[in-house]
1. Taking the stretch 511-552 as the search range and keeping residues that are part of a loop (DSSP other than H, G, I, E, B) and free of Cβ contacts under 8 Å to residues at least 12 places away in the same chain, which one is farthest from residue 285 (Cα to Cα)?
2. Which condition number does residue 302 fail, the rest of (1) under 26 Å from residue 395 (Cα atoms); (2) assigned by TED's automatic domain parsing to the domain that holds residue 278 being met?
3. Conditions first: (1) in contact (Cβ under 8 Å) with a residue 60 or more places away in the chain; (2) under 17 Å from the mean Cα position of the chain (by Cα). Residue 354 passes all but one, so which condition is the exception?
4. Considering 293, 235, which residue is part of a helix (DSSP H, G or I), within 27 Å of residue 420 (Cα to Cα) and in contact (Cβ under 8 Å) with a residue 12 or more places away in the chain?
5. Check whether at least one residue in the stretch 314-322 is buried (at least 18 other Cβ atoms within 10 Å of the Cβ), outside any helix (DSSP H, G or I), touching a residue at least 40 places away in the same chain (Cβ under 8 Å) and out of contact with any strand residue (DSSP E or B) (no Cβ under 8 Å at 6 or more places or on another chain), and report yes or no.
6. Applying the selection to the stretch 481-509, what residues are in a helix (DSSP H, G or I), under 39 Å from the mean Cα position of the chain (by Cα) and farther than 16 Å from residue 531 by Cα?
7. Check whether at least one residue in the stretch 348-364 is out of contact with any helix residue (DSSP H, G or I) (no Cβ under 7 Å at 6 or more places or on another chain) and at pLDDT below 95, and report yes or no.
8. Kindly check whether there is at least one residue in the stretch 248-271 that is part of a loop (DSSP other than H, G, I, E, B), under 18 Å from residue 354 (Cα atoms), in contact (Cβ under 8 Å) with a residue 12 or more places away in the chain and within 18 Å of the chain's Cα centre (by Cα).
């Protein structure tokens, strides 16, 4: 009798002891035992050394005992996150498993809101599907039972084939399974196999030791500190949170926070939901009426926790950089964290995107243009990246390119706030097109559900109609004063309103108050047009240095 073990190249017996047995076919009177199993890397042990003179049903029990000893429950829900992984689970190609999904109801799920049709499946459910009496199961088992060379002495292992192990029956036993003897391969072949197996392991282990002892940078210190796989429920909640986060509306951002919070409750050691929560708070102060003083401390706390849990997460470093600069004026930390994020993952669009907006605020315009273009190439369909590219183009003096891009975005994404705000503030108001300014800023107030802002825009419009530009500027000053006195306004915006009327003494007074209150708008101090006449003032230059911005030219 021959027992055939389906196997893939790349796993040793020690690693494969954690594998999950999915289906066995055997008979008490002899025949073939086919074992389908997988590990985390979709690999299966090369061979099993069966104890001599064991009944083959004891062999099956031994496999289960090995798995139990290594602490992996047989019913663990392992998640496969792509068609490639699902296909590897069966040892087939992607086209076959996609056909099984359509024709045989293979249990495959799709991530909600995924633009690329991402799928996932659970190994346990696929194993249950295998047990069903259908042709797909026969096809899977048939593929697993493909024969290799009949000569065991060849010693060659081919990925995805069947390794035959010859056993002989000592004597027929009518009621029990026959005793089995393992026919061992020649000694020289056994030593060759051991060498071929140990060589790559030794090489990898040596590489880690060299890196660990010869470097002192954080990335090498944390090389072996990979985070644990997340709880399946927590991962599902995180993906739902990311889906709503990408929609970028006030309601969706709050929904995203709810999902990220639930994910953290399910798995407190999972870093990704903390990153998602930090990103949501970083944007809520822009897309909704949440005060920056409330949003940024929450964002930095969540991002810091994410970095603590996973120091090699590029997304965590990106979120921490964002909160450090716009929430706490810490430009050196932000610059360092952005660079670290890009070092960890050069293909992360958000890192290049947010780094570009940081660079434009500190006056490094050409670098900002280069970074936002890298972000666009990495994620060409991202509306937020395109909107911020319009803003950066405007700040870098490319007004017509900015106008064209932002106008296209307001037409294609009418409920998305930033293009309206950038058109209103950075294009129309600075050009003196106040009709366009009123229209766009009214849309911003409505989309943000900010009733006070809607009233302020209506008042500005009336003042402009009755008293021209001077009346508009005075109305902006009145509104800023009222908001500041009621505790809901920005000292920076009040200083800006004074500066627009040429009252630099009052403007400087409220800029100092803005600094004391850590007003996030101070990051735009040197780029704000109304303060340009004050650039030669010593107090103004001192304030720029305190904030950490480059000196004004």
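The values are calculated or read from the model by the stated rules, or taken from the named source; none is laboratory data. Only a predicted model underlies this, so the values are computations on that prediction, with no experimental measurement involved. All Cβ positions, even for glycine, are placed from backbone atoms using ideal geometry, and neighbour counts span all protein chains on display.
1. The qualifying residue farthest from residue 285 (Cα to Cα) is 536.
2. Of (1) under 26 Å from residue 395 (Cα atoms); (2) assigned by TED's automatic domain parsing to the domain that holds residue 278, only one is false for residue 302: (1).
3. The one condition residue 354 does not meet is (1).
4. Only one candidate passes the filter, namely 293.
5. Here is the first cut: in the stretch 314-322, the ones buried (at least 18 other Cβ atoms within 10 Å of the Cβ) are 314-322.
Next, from what is left, pick out any that are outside any helix (DSSP H, G or I): none.
There is no residue in the stretch 314-322 that is buried (at least 18 other Cβ atoms within 10 Å of the Cβ), outside any helix (DSSP H, G or I), touching a residue at least 40 places away in the same chain (Cβ under 8 Å) and out of contact with any strand residue (DSSP E or B) (no Cβ under 8 Å at 6 or more places or on another chain).
6. Once the filter is applied, which keeps residues that are in a helix (DSSP H, G or I), under 39 Å from the mean Cα position of the chain (by Cα) and farther than 16 Å from residue 531 by Cα, the stretch 481-509 yields 483, 484.
7. Filtering the stretch 348-364 down to residues out of contact with any helix residue (DSSP H, G or I) (no Cβ under 7 Å at 6 or more places or on another chain) leaves 364.
Restricting the remaining residues to those that are at pLDDT below 95 gives 364.
The answer is yes; a qualifying residue exists.
8. yes
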